[in-house]
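Written out below as C-alpha cells is the structure these notes cover.
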Amino acid sequence: MPSMMVLATTAVPPHLKGALSRWTIEVAPGIFVGTISTRVREQLWEITKQTVADGAAVLVHPAPNEQGFTVLTAGTRRRRPEDFDGLTLMRFTAPPADTAATPDSHESEWPVEF
C-alpha cells in the first residue's frame, strides 16, 4: 500500500535529484515528497545511499511504532537518529577536529573586553 515519504537532500549530485523527481515532487530545494509503495521507497533510498557522495540525505516515512514514523540518514551529517527506549531522537555529534576555531570565528576567550 502506498504511503507518504519525505526525503531531504543536501549537496547531492544533480543526477540523483533527477532520479528522485521521477517518483516525487521537489517542494523546496532538496526536499522531495511523494506517495509511493514500500518497494519503490526502498529502491530510491538504496540509490540515494549509493550516490550521496559528499552530500547528505534524510528519509522520513511512516512506521508502526510509537512516533508513527522512521528516520533514516545517509552521508555526512551532524545529526544522527538514535533510539532511546523506542523513541527516536536526534543526537548532535561534535564537528570534525580539523575544523578548529579560526581567528575570524565568533568563538573567543572569556572574558571579552571592550
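Taking the residues in region 75-114 that are among the polar types (S, T, N, Q) and either surrounded by 11 or more Cβ atoms within 10 Å (Cβ to Cβ) or at pLDDT below 75 (or both) as candidates, determine which candidate is farthest from Gln50 (Cα to Cα).
Looking at the filtered set, the residue picked out is Ser108.
Could you count how many residues in region 45-61 are more than 13 Å from Thr88 (Cα to Cα) and in contact with a Phe, Trp or Tyr (Cβ under 6 Å, 6 or more places away or on another chain)?
Going through region 45-61 one residue at a time, the tally reaches 1.
State which residue is nearest to the chain's Cα centre (by Cα) when the search covers only region 22-73 and only residues that are polar (S, T, N, Q) and under 11 Å from Met5 (Cα atoms).
Within region 22-73, the match that is nearest to the chain's Cα centre (by Cα) is Thr70.
How many of the residues making up region 19-74 are touching a Gly at 6+ places or on another chain (Cβ under 9 Å) and surrounded by fewer than 17 Cβ atoms within 10 Å (Cβ to Cβ)?
So the count comes out to 9.
Consider Pro64 against the criteria (1) farther than 21 Å from Thr10 by Cβ; (2) in contact (Cβ under 8 Å) with a residue 24 or more places away in the chain: it satisfies all of them except one. Which criterion is unmet?
Tallying (1) farther than 21 Å from Thr10 by Cβ; (2) in contact (Cβ under 8 Å) with a residue 24 or more places away in the chain, Pro64 fails exactly one: (2).
Can you tell me how many residues within region 1-48 are part of a strand (DSSP E or B), over 15 Å from Ala74 (Cα atoms) and either in contact (Cβ under 8 Å) with a residue 60 or more places away in the chain or of a type in the set (A, V, I, L, M) (or both)?
Residues flagged as part of a strand (DSSP E or B), over 15 Å from Ala74 (Cα atoms) and either in contact (Cβ under 8 Å) with a residue 60 or more places away in the chain or of a type in the set (A, V, I, L, M) (or both) within region 1-48 amount to 7.
Taking the condition of being outside any loop (DSSP other than H, G, I, E, B) and in contact with a helix residue (DSSP H, G or I) (Cβ under 8 Å, 6 or more places away or on another chain), how many residues in region 52-74 meet it?
Of the residues in that region, 5 qualify.
The values are calculated or read from the model by the stated rules, or taken from the named source; none is laboratory data. These figures come from a predicted structure and were not determined experimentally. Glycine gets a Cβ as well: all are built from the backbone with ideal geometry, and neighbour counts include every protein chain shown.
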